[in-house]
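Participant: One structure, as structure tokens, below. Some questions next.
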Amino acid sequence: ASDEPPRSDAGQDVVIRLPTDWAVLDGRDSLDDHGISRYEWTLVKGDPSVSMKVTHPGLLKISGLQRGEYTFQMTVTDSGGQKSSDNVSVTVLAPERDPAVCTGHCSHYQFLCDDGCCIDIDYTCDGKQHCPDRSDEDFCQK
């Protein structure tokens, strides 16, 4: 019986915007006629301090991403030892103060700055100013 080499597919390129600093890469669309025995992910380009954790065969959670470009390579190996690689790029954009979140209406997971902007609740009382008016720090118990 013939054994075709695998076809790797590391998934769609990813674009995220800080403060989101993580993403999940999905290589499960890779195909092989006899089954894939191994998925291997490597960082080809980007800040090497990124954390890479395989959460499931073919899935890679990356976290601690910094602003910039990353390239990850996924290599799949089939049961016959044949390999195929595919790259996926991850672009991390700088944070943006989105005027849409300055409506004065925040979710339960957000803090309402005095100027009507919402920030992530985790940013309050962390010793750093996130609201333009410092209201995220000023209300904290000193």
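The values are calculated or read from the model by the stated rules, or taken from the named source; none is laboratory data. All values derive from a computational prediction rather than experimental measurement. We place every Cβ from the backbone using ideal geometry, glycine too, and count neighbours over all the protein chains shown. In case anyone asks, the SASA skips ligands and DNA or RNA and just uses the protein heavy atoms, side chains included. Shrake-Rupley method; radii C 1.70, N 1.55, O 1.52, S 1.80 Å.
Participant: Could you check the simple spin-label distance between Gln12 and Ser37, using points 7 Å along Cα→Cβ, in nm with one decimal?
Facilitator: 3.3 nm
Participant: Short version: what are the Cα gyration tensor semi-axes of the range 38-105, square root of 5 times each eigenvalue, largest first, in whole Å?
Facilitator: For the range 38-105, the semi-axes come out at 33, 13, 10 Å.
Participant: Please report, as a whole percent, how much of the solvent-accessible surface of the chain comes from carbon and sulfur atoms (probe radius 1.4 Å).
Facilitator: Carbon and sulfur together cover 50 percent of it.
Participant: Please compute the per residue accessible area over the chain with all protein chains in place, 1.4 Å probe, rounded to a whole number of Å². Please report the intermediate quantities before stating the final value.
Facilitator: Numbers: 8790 Å² over 142 residues.
On a per-residue basis, the chain sits at 62 Å².
Participant: Related question: Can you list, largest first and rounded to whole Å, the semi-axes you get for the chain by taking the square root of 5 times each eigenvalue of its Cα gyration tensor?
Facilitator: They are 43, 13, 12 Å, listed largest first.
Participant: OK, next. Stretch Gln129-Asp47 to full length: gain in nm at 0.36 nm per residue minus the Cα-Cα span?
Facilitator: Residue separation times 0.36 nm, minus the Cα-Cα distance, leaves 26.9 nm.
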